[in-house]
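Working notes, beginning with the structure itself.
The values are calculated or read from the model by the stated rules, or taken from the named source; none is laboratory data. Remember, it's a predicted structure, so these values are computed and weren't measured experimentally. Reconstructed Cβ throughout: ideal geometry from the backbone, glycine too, with neighbour counts over all protein chains shown.
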Amino acid sequence: MRVVNKGQIDRSRPIGFSFDGRNHVGFAGDTLASALLANGQRLVGRSFKYHRPRGLWSAGSEEPNALVTARQIPNQRATMLELYDGLAAESQNRWPSLRWDVLSINDAFAPFLGAGFYYKTFMWPRAFWEGLYEPLIRRAAGLGKLPRSHDTGRYEKAYAFCDLLVVGAGPAGLMAALVAGRAGANVIVADEDARMGGRLNAETIQIDGQPGDQWAAGILAELASLPNVRLMPRTTVTGAYDGGTYGALERVGHHVAAPGADLPLECFWRIVARRCILAAGAIERGIAFANNDRPGIMAASAVRAYLNRWGVAAGRSVAVWGNNDDAWRTAQDLAAAGVRVAAMLDSRADPARAKGPHDFPVFTGTQVVGSRGRHGLEGLQIRDPKGTRMLACDCLAVSGGWNPTLHLSCHMNDRPVWREDIAGFVPKPGAVPGMSVVGAANGTMDTTACLAEGARAAQDCLKDLGMAGVDVDLPQADDGRFDISPLWVVAGQGRAWLDFQNDVTVKDVQQAARENFASVEHMKRYTTQGMAPDQGKNSNMAALAVLADATGRGIPETGTTTYRPPFVPVAIAAMGAGGRGKGFAPERFMTSHLPTVERGAPMIEAGLWYRPSYFPRPGETTWQQSCDREVRAVRTAVGVADVSTLGKIDIQGPDAAAFLDFVYINRFSTLKPGRVRYGLMLREDGHVLDDGTTARLAPDHFVMTTTTAAAGLVMRHLEFVHQALCPQFDVRFISVTEQWAQFAIAGPKSRDLLNSLLETPLSESAFGFMHCGEVRLPGLTARLFRISFSGEHAYELAVPARYGEALFRDLCARAETMGGCAYGMEALNVLRIEKGFITHAEIHGRVTAFDIGLQGLMAQKDCIGRAAAQRPGLLGAEREQMVGLMPVDPLQAISAGAFVFAQGASAQRDNAQGYVTSVCWSVTLSSHLGLGFLRDGRARYGQELRLVDHLCGVDTVVRVVDPVFFDKEGTRARG
Amino acid sequence: MRLSCPLCGPRDRREFYYYGSDDYLNRPHSDPQADASSGGWSDAWEDYLHLRDNPAGRLRDLWYHEGGCGAWLAVTRDTSTHQVFDVALVVDLKGKAGS
């Protein structure tokens, strides 16, 4: 219920929301958690395994119990969900309702379901696993339920850079940001809360005579006014990575009642910071005792936070119990606000803090040994030196001390170090390069010291960054010293819970130790302690302490498990923002893209490029009909195809020819200017890297073409060869793929088409096969190459890219008047298979020049791959060599990926003699054709073999032939 | 992870292509007269292509600033701490070795 005159909520702005269908009202500034508590909703969830009723434990991102589904997103912590109008939250892991949950029957079977139950039970019979156990477990397991549809929420990712990243905007973080901000450093302050200030918003501490939250508001106002400081509330830094890189999740739209279409729900940041100050504070831990998980039993700091920040009393009669001085603040704040304090219990025999008059009953040397109440706390069983008795209360605020929030400091492999005086682990100095840890995260428990530490760390960072420091007056806070006497577990009957989320008890951990899962990493996996969404933030330390006790080791010797990112759960959708569908993947369009799409061509992806599959005409109902027509047009008239996607590399310099001689297995230094040559390049390991034609435009100027797929690869390779292996060569090269639009004009009528366009028509003899040079089109100079990938008399015409679209339209129109047409990738593929020309289907990375029958190109000179190509095993009859394959029945389709076997041999892998790489229906030859590789293939022309593809259901007989199916002499291209 | 390109400054790891050990800089002598049957293959080539140290600690490997200036880089770093000690242009290293 609300407490008058407390909290930072805006009582003039009520907000309606619902929980499990029931309507409630909260106020602006509330979280779902504080509003539920104010409305008396103590039962907020069911536990994972035993479905035990659970209530709020904390007020922060570590909340283990209050997980809800809102906007179809499961497992949202009610403590992090800001209230907005119409928020409809549903509790999870219960059926039919939160109060009456059928699976709470599991709790009765708890004696059988202890640690290792799954490992021991579902081992046998083996066959039961897939059919019975797994479906059963899957149905019962899981916290929230994912929606069946795609997450339609918008997620983004972003990058930021700064001199100093301050993680956490409590007293230490604010001082650090203030010092660095005033000094002019570029500062990012990230805090996971919507309201910055950290514990100052939740405590009644005074700083320099001012309430802590007001002091924080003043500092924040100054920081907000500095142009070099960026405040990022609602932003959790989730991980620390190499080179000062940090991941952070910003909750951008969750708190907005009606987010616009452009507002993302979340944004995942990568922040690169030259220095980082971790001021993430600390997380309070509980003390395990029998039935310590009833709704109403909460962290003392959370009880104070609900009271001081949200004006909510967590109970009508609150008992406070702790082993440290901090717990006393809870009783004081409650009493001062007029909330009944049933008792202040301190486990220490004679704490200094107990002296003096108090407004509430005080019991020292007292432990809580049990609790009662079905759906909420009704009373405690307490034990002091005089005996055991009951204490009536409906809320217990418990404090077992504080665990520094040091997670980020451990993300780069270092383990934290134990500090006896605070009974907690603190970061190892220098664990993350460039990061310093201050305040409670560093184990500093009083506010004045935190403020000083934050300021000092910032001054040190400024010095590291070569920036002048600034003088800042150090503020004084009025909180006293922190004294603690560790208490982890109260011995007694009944289950004492450690991990609320995964239902792990003290006994489970002890059992793990007994069964020799004594290493902390083994215990974790055996009991599942620390493996729930809170990743053990609420339970790791106590579990460690129990394990240390059970194994007779100390806590520091037992050590911690590994801290890994992310610090809080991060939706895959946020990390993968921009990755759904096409996302941010670049699309490369040819200059002819628009006219191509206008002609109705279906586009297929080739790397990042989009190329036409075929150009359908009215009356054609299948792609095969279009493809056949296009092939016939090229073989009988003329076809036009955009080949601009092939890589084009401009190579210039006095040593250009020598460089190419080193890169290709064949010679280019002997190539005359005005001529083109086919070239084959190898990797240094002797296998084929890529092929293509290279034209010599001038003695010191070449243009190399690469395959579409390998353009980037070849560029990288050329750079490596030049920079690493022959930097003495005076040669430069650059990709000009996008600067030139290039079109193949192929077919018996290609010269006629070209001549209709050129200012000076080509004569019969002027431009022979493999010639190149400049030609004049009306108004511009173009490059012409007499090369052919179809086997026909063909040219490739290249113009600056800005003319590409117009030229393509013109070429298509001219071709159509001559009985020709534009052709797409399907026809291009048929044409090249008929001619036995290779693509990366054949040069797939495991073939040599010998395998594809081009060993003869290897010139007597050094080149990349020459030595390795001559290794034993890469030459000779044992190699699979490229061959043509024709089905004995020409109408029988064969498939790429099929394997070939001797006839009569069974179709299994160890009998395979080769495989098929490319297939097509050849309209020219009225037969299906295939290219493939066959052991000793070139010596086996004429043999008949069995071709089997289990996947496509093909089993037929093929004849081995020369891979050049059509026009073996090449007269059509040369003529 | 970030690398400091000598030409472009500190950049995100995603701009770089990783190649492998700096052994690739020391290409063995290749005899252009060696014919296909006798081969130019040797133990030195075997080492060059296939044999690599795999130290837990300091090592130098080659990276390519593909999303940047196109420079090949020799990066000296520690495989266990991920600390980067030095980033040098391959061209500079080879120039020195050759001179």
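What pairs come up if the first residue lies in region A:538-564 and is in a loop (DSSP other than H, G, I, E, B), the second is among the small types (Gly, Ala, Ser), and their beta carbons are under 8 Å apart, counting only those six or more places apart or on different chains?
As it stands, the answer is A:Asn538/A:Ser58; A:Asn538/A:Gly286; A:Ser539/A:Gly530; A:Gly554/A:Ala548; A:Thr561/A:Gly530; A:Thr561/A:Gly536, since those pairs meet every condition given.
Out of (1) under 20 Å from A:His722 (Cα atoms); (2) at the interface with chain A (Cβ under 8 Å from one of its Cβ atoms), what's the single condition that is false for B:Cys5?
Going through the list (1) under 20 Å from A:His722 (Cα atoms); (2) at the interface with chain A (Cβ under 8 Å from one of its Cβ atoms), B:Cys5 breaks only (2).
Of the residues A:Trp310, A:Trp321, which single one is part of a strand (DSSP E or B) and of a type in the set (Phe, Trp, Tyr)?
A:Trp321 is the lone residue from the list that is part of a strand (DSSP E or B) and of a type in the set (Phe, Trp, Tyr).
Just the residues that are more than 21 Å from A:Arg909 (Cβ to Cβ), in contact (Cβ under 8 Å) with a residue 24 or more places away in the chain and not aromatic (Phe, Trp, Tyr), please, taken from region A:945-975.
A:Arg959, A:Val961, A:Asp962, A:Pro963, A:Val964, A:Asp967, A:Gly970, A:Arg972, A:Ala973, A:Arg974, A:Gly975
Mind checking which residues of region A:34-58 are out of contact with any strand residue (DSSP E or B) (no Cβ under 8 Å at 6 or more places or on another chain) and under 19 Å from A:Ala299 (Cβ atoms)?
A:Arg42
Tell me which residues, restricted to region A:866-911, are at the interface with chain B (Cβ under 10 Å from one of its Cβ atoms) and either in contact (Cβ under 8 Å) with a residue 60 or more places away in the chain or over 45 Å from the mean Cα position of the chain (by Cα) (or both). Spell out the reasoning first.
From region A:866-911, those at the interface with chain B (Cβ under 10 Å from one of its Cβ atoms) are A:866-872, A:874-875; that's our starting set.
Those that are at the interface with chain B (Cβ under 10 Å from one of its Cβ atoms) and either in contact (Cβ under 8 Å) with a residue 60 or more places away in the chain or over 45 Å from the mean Cα position of the chain (by Cα) (or both): A:Arg866, A:Ala867, A:Ala868, A:Ala869, A:Gln870, A:Arg871, A:Leu874.
Might you let me know whether region A:831-850 holds any residue that is in contact with a Cys (Cβ under 6 Å, 6 or more places away or on another chain) and away from chain B (no Cβ under 14 Å)?
yes
In region A:238-247, how many residues are closer than 18 Å to A:Gln76 by Cβ and among the aliphatic types (A, V, I, L, M)?
Residues in region A:238-247 being closer than 18 Å to A:Gln76 by Cβ and among the aliphatic types (A, V, I, L, M): 0 in total.
Pull up region A:475-491, narrow it to residues that are surrounded by fewer than 18 Cβ atoms within 10 Å (Cβ to Cβ), more than 42 Å from the chain's Cα centre (by Cα) and touching a residue at least 40 places away in the same chain (Cβ under 8 Å), then point me to the one that is farthest from A:Asp293 (Cα to Cα).
The extreme case among them is A:Gln476.
Which residues, taken from region A:383-408, are in contact with a Lys or Arg (Cβ under 9 Å, 6 or more places away or on another chain), surrounded by fewer than 21 Cβ atoms within 10 Å (Cβ to Cβ) and not charged (D, E, K, R)?
Passing the criteria: only A:Met390.
Out of (1) aliphatic (A, V, I, L, M); (2) at pLDDT below 95; (3) outside the structural domain of A:Thr670 (by TED's automatic domain parsing), what's the single condition that is false for A:Ala709?
For A:Ala709, the failing item is (3).
Which one of A:Leu697, A:Leu680, A:Leu713 is within 11 Å of another protein chain (Cβ to nearest Cβ) and either farther than 11 Å from A:Gly647 by Cα or under 32 Å from the mean Cα position of the chain (by Cα) (or both)?
Just a single option satisfies the conditions, and that option is A:Leu713.
Among the residues of region A:211-245, write down those that are surrounded by 17 or more Cβ atoms within 10 Å (Cβ to Cβ) and in contact with a Ser or Thr (Cβ under 8 Å, 6 or more places away or on another chain).
A:Gly212, A:Thr236, A:Ala240
With (1) assigned to a loop (DSSP other than H, G, I, E, B); (2) in contact (Cβ under 8 Å) with a residue 60 or more places away in the chain as the list, and A:Gly40 as the residue in question, which single condition is left unmet?
Every listed condition holds for A:Gly40 apart from (2).
Residues checked against (1) closer than 18 Å to A:Gln723 by Cα; (2) loosely packed, with under 14 Cβ neighbours inside 10 Å; (3) more than 11 Å from chain A (Cβ to nearest Cβ); (4) of a type in the set (S, T, N, Q):
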{"position": "B:Asp22", "(1), (2), (3), (4)": "yes, no, no, no"}
{"position": "B:Pro28", "(1), (2), (3), (4)": "yes, no, no, no"}
{"position": "B:Trp41", "(1), (2), (3), (4)": "no, no, no, no"}
{"position": "B:Leu51", "(1), (2), (3), (4)": "no, yes, yes, no"}
{"position": "B:Gly57", "(1), (2), (3), (4)": "no, yes, yes, no"}
{"position": "B:Leu73", "(1), (2), (3), (4)": "yes, no, no, no"}
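Residues that are touching a Cys at 6+ places or on another chain (Cβ under 8 Å): find the strands (runs of 3 or more DSSP E) completely inside region A:584-683 holding 1 or more of those. Break it down into steps so the answer makes sense when it comes.
Details: elements: A:603-606, A:609-612, A:639-642, A:647-652, A:675-682.
Of the strands (runs of 3 or more DSSP E) lying wholly inside region A:584-683, those with at least 1 residues that are touching a Cys at 6+ places or on another chain (Cβ under 8 Å) span A:639-642, A:675-682.
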